[in-house]
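Please treat every number below as a calculation from the coordinates, not as lab data. What you are looking at is a predicted structure, and each value in this text was computed from that prediction instead of being measured. Ideal geometry is used to build each Cβ from the backbone, glycine not excepted, and the neighbour counts take in all protein chains shown.
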Amino acid sequence: MQTVILPSGNSMPAFGLGTWRMGEHPERFGREADVIRSALDMGITLLDTAEMYGEGGAEEVIGEAIRGRRDGLFLISKFYPHNASRNGVKEACERSLRRMDCDTIDLYLLHWPSSVALAQTFEALHELQDQGKIREFGVSNFNLSDLQKIPEDDQSRLGCNQVYYNLAHREVEWEISGWCRARGIPVMAYSPLDQAGALLGSPVVAAIADKHSATAAQVALAWLLHQPGTVAIPKSVRPERIRENLDAANVELDADDLVALDEAFPPPKQAVRLGMR
Ligand SMILES: NC(=O)c1ccc[n+]([C@@H]2O[C@H](COP(=O)([O-])OP(=O)(O)OC[C@H]3O[C@@H](n4cnc5c(N)ncnc54)[C@H](OP(=O)(O)O)[C@@H]3O)[C@@H](O)[C@H]2O)c1
């Protein structure tokens with residue numbers, strides 16, 4: 001499994017499983033936990049979740065799925081901006097740890113910018129780190145102006161900026177990718193398949209997929225994995241698709257493919273804010 005290096009020197013898998021929309025229906029709980037277990041059996045070690053997903057339900061599904069096999073996993077969770085106060089972050093973290101039935105979150109993210117002063121939020125993140133309750137912290141959906149408001153010392157300690165990023169949404173490339181790369185901060189691409197929307201029906205993507213005996217989803221993911229310091233976290237509740245997505249790591253796009261994809265899905269040519277799901 002390809003990895004990326006965080007500013008701390010720790011590494012993180014470049015590919016993981018998203019869990020948005022899991023944990024929303026009690027009757028699907030067991031099946032979703034089985035799906036996550038089969039993803040772990042396939043070798044996936046990074047799981048992305050948030051207190052928002054199913055209002056804690058997705059974290060509970062993860063807790064069930066990883067029981068007895070926490071070692072070697074890289075768990076990411078996110079707290080709500082309305083929990084970004086000093087006490088709010090600490091309480092939210094305790095709840096997430098309880099739901100996932102574990103002692104540590106590997107990377108804990110502020111889900112999107114908050115009106116709480118960031119100094120307070122980061123003070124709480126430092127305390128959680130000192131107590132061993134989180135290993136790394138970072139942000140999500142942060143535009144450049146948001147990143148620049150982070151206390152200066154912490155700007156270069158972010159474990160990632162998790163953003164809406166896929167072939168059809170390259171806004172992050174305007175200025176945020178460069179800012180992160182200059183500091184060794186990974187960019188984590190959420191909705192990497194653009195939620196299975198029009199991207200997967202693109203004739204250009206289909207032609208490249210044919211050439212590599214791959215699928216459209218694999219081309220979309222291989223393109224992201226080709227971007228330096230980038231992590232992709234596609235979500236699926238179908239083991240056969242999780243296997244398909246994981247195998248994207250074996251698709252090697254060549255220079256012609258990259259040019260064709262740039263023409264079909266051009267990067268931004270002017271200042272543009274991040275998209276958001
Ligand atoms: N930080 C944030 O604000 C934020 C926002 C959005 C998402 N996220 C995170 O990023 C993860 C991924 O993003 P996402 O769930 O929005 O979208 P996504 O991963 O781009 O797409 C998920 C959709 O694609 C389908 N799918 C998965 N693999 C497929 C394949 N090989 N072929 C065709 N369809 C496929 C899934 O259906 P099935 O499940 O039926 O296979 C699901 O409907 C989330 O789960 C979450 O963990 C973070």
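Descriptive notes on the structure:
- Between Y80 and T104, the simple label model (points 7 Å from Cα in the Cβ direction) yields a spacing of 2.9 nm.
- Listed values for region 257-267 are Karplus-derived 3J(HN,Hα) couplings in whole Hz (6.51 cos²θ - 1.76 cosθ + 1.60, θ = phi - 60°), namely 4, 5, 5, 4, 5, 5, 5, 6, 10, x, x, and x replaces Gly and Pro.
- Per-residue ellipticity at 222 nm, computed for the chain from helices alone with -39500 (n - 2.57) per DSSP H run of at least four residues, works out to -11000 deg cm²/dmol.
- Label-zone membership for region 246-274, site S145, 7 angstrom Cα→C-beta point, backbone N under 16 Å: 271-274
- For region 65-144, applying the loop criterion from DSSP together with a ceiling of 15 other beta carbons within 10 Å to the trypsin sites (Lys or Arg not before Pro) yields R67, R69, R70.
- Across region 162-277, the mean sequence separation of Cα contacts (distance under 8 Å, 6 or more residues apart), normalised by length, yields a relative contact order of 36 percent.
- With neighbours defined as other Cβ atoms within 10 Å of a residue's Cβ, the residues V187, V231, V259 order from fewest to most as V259, V187, V231.
- Relative contact order (%) - the chain, alpha-carbon pairs under 8 angstrom, separation at least six: 19 percent
- Annotation: amide H of R67 has no partner in the under-5 Å range at sequence separation 5 or more or interchain, hydrogens built in the peptide plane.
- Here the relative contact order of region 58-170, from alpha carbon pairs under 8 Å that lie six or more residues apart, stands at 25 percent.
- One decimal place: the segment D256-E240 gains 2.8 nm when fully extended, by the rule 0.36 nm per residue minus the C-alpha distance.
- DSSP bridge orientation in region 1-137 - percent antiparallel, rounded to nearest 5: 20 percent
- Remark: H169, H126 ranked as H126, H169, counting other beta-carbon atoms within 10 Å and listing the fewest first.
- The share of alpha-carbon pairs in the chain lying farther apart than 37 Å comes to 9%.
- DSSP finds beta bridges in region 98-181, and of those with both partners inside it, around 10 percent are antiparallel.
- Per-residue Cβ neighbour rank within 10 angstrom, fewest leading, D210, D71: D71, D210
- Built amide H within the under 5 Å cut-off of T3, gap 5+: A14
- Whichever lysines have a C-alpha closer than 21 Å to that of K269, once near sequence neighbours (fewer than 8 apart) are set aside: none
- The H on the amide N of M188, modeled in the peptide plane, is under 5 Å from the matching H of N161, Q162, V163, V231, each at least 5 residues off or on a different chain.
- 3J(HN,Hα) along region 37-43, derived from phi through the Karplus expression 6.51 cos²θ - 1.76 cosθ + 1.60 where θ = phi - 60°, amounts to 4, 5, 5, 5, 4, 6, x Hz, with x in place of Gly and Pro.
- C-alpha center-to-center spacing [region 21-75, region 105-148] in angstrom: 22 Å
- Taking the DSSP beta bridges with both ends in the chain, the antiparallel portion is around 15 percent.
- For the pair A119 and R67, the difference between a 0.36 nm per residue extended length and the Cα-Cα distance amounts to 15.2 nm.
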